[in-house]
Amino acid sequence: MRTDFDPATTSTSDFYRLLTAVVVPRPIAWVSSVSPEGVDNLAPHSFFTVASTTPPIVQFTSVGEKDSLRNITESKEFVVNLAPAALLEEVNATGTNFPPDVSEFDAAGLTREPSLTVAAPRVKESLAVLECRLHSVLPMGDSILVFGEVTHAAVSDAVLDGSHPRIDLLEPLSRLGLDEWGTLGAIQDLKRIRLRDWPGSFRPKA
């Protein structure tokens with residue numbers, strides 16, 4: 001048995017809660033930007049992904065018009081900071097609806113670090129950062145998709161194996177449904193099956 005949910009007859013808030021409970025886990029773009037008045041903003045956005053690899057473009061969604069969106073459309077730049085499990089409380093705190101003249105860096109006790117290619121500061125406590133210049137924005141329903149071309153990436157040496165960031169050391173947070181947050185849990189290695197290696201009939205291992 002299944003329960004059916006029709007977006008045409010389900011309230012917007014209820015269907016939003018359904019979507020965010022089944023589209024999981026969602027990585028977090030912890031976005032730093034600067035307002036035209038020079039106030040540093042920092043906010044978590046959990047609709048986040050890679051949009052292109054060549055050129056490298058990442059994308060996050062602003063549900064409604066928020067300070068991050070206003071700052072980025074004005075300055076044309078931003079930084080995506082990795083949101084690590086060790087900073088769960090701080091990441092959550094930066095989601096508070098502060099007025100535009102309050103910096104979440106200061107409210108949450110986080111340290112600014114200068115970026116190399118953009119004016120927006122990085123979060124010093126974050127283990128990996130992506131500096132971005134605005135590529136484009138795309139209105140979509142009640143939201144705005146923000147695309148940023150990555151102009152520089154910086155990763156803490158403490159989490160690198162050669163040039164590869166180790167996921168077990170990065171320990172990224174994710175958003176789930178309601179007020180739920182996720183961490184890594186068990187990690188499994190499983191290589192994609194190449195066509196030449198296809199066994200003919202698929203039988204998953206017991």
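Between Ser163, Ser136, Ser62, find the one with the highest GNM mean-square fluctuation for the chain; connect C-alpha pairs within less than 10 Å.
Of the options given, Ser163 has the highest mean-square fluctuation.
With a Förster radius of 30 Å, plug the Cβ-Cβ distance of Leu116 and Asp142 into 1/(1 + (r/R0)^6) and report the FRET value to the nearest 0.05.
Plugging the Cβ-Cβ distance into 1/(1 + (r/R0)^6) gives 0.30.
With the Cα gyration tensor of the chain in hand, give its eigenvalues times 5 under a square root as the equivalent ellipsoid semi-axes, listed largest first in whole angstrom.
Largest first, the chain gives 30, 24, 18 Å.
Heavy-atom accessible area per residue, region 1-70, 1.4 Å probe: how many Å²?
59
Considering only Thr53, Ser13, Met1, whose Cα is most displaced toward the positive end of the charge dipole of region 1-68, charges sitting on Cβ of Lys, Arg (+1) and Asp, Glu (-1)?
Selected residue: Met1.
With all protein chains present, how much of the accessible area of the chain (probe radius 1.4 Å) comes from carbon and sulfur, to the nearest whole percent?
Taking all protein chains in place, the chain shows 54 percent carbon and sulfur surface.
So what is the relative contact order of the chain, in percent, for Cα pairs below 8 Å that sit 6 or more residues apart? Kindly include the intermediate steps, with their values, before the conclusion.
On the way: 381 pairs, mean separation 46.5, N = 206.
Relative contact order, the chain: 23 percent.
Of Lys124, Lys76, Lys191, which has the largest mean-square fluctuation in a 10 Å C-alpha GNM of the chain?
Lys191
Straight-line reach only, C-alpha to C-alpha below 19 angstrom: list the lysines that Lys76 could link to, leaving out same-chain residues fewer than 8 apart.
The qualifying lysines are Lys66.
What longest range of the chain stays clear of loop-exposed GluC sites (Glu not before Pro) (DSSP non-H/G/I/E/B, at most 12 other C-beta within 10 angstrom)?
Value returned for the longest uninterrupted segment is 66-179.
For region 19-58, go through all pairs of different Cα atoms, get the mean of 1/r, take its inverse, and jot down that Kirkwood value in Å.
Taking the inverse mean of 1/r over all distinct Cα pairs, region 19-58 comes out at 12.1 Å.
The values are calculated or read from the model by the stated rules, or taken from the named source; none is laboratory data. All values reported here derive from a predicted model rather than from experimental measurement. Here the Cβ is made from the backbone with ideal geometry for all residues, glycine too, and neighbour counts use every protein chain on show. Surface areas here come from the heavy atoms of the whole protein model, side chains and all, with no ligands, DNA or RNA. Shrake-Rupley method; radii C 1.70, N 1.55, O 1.52, S 1.80 Å.
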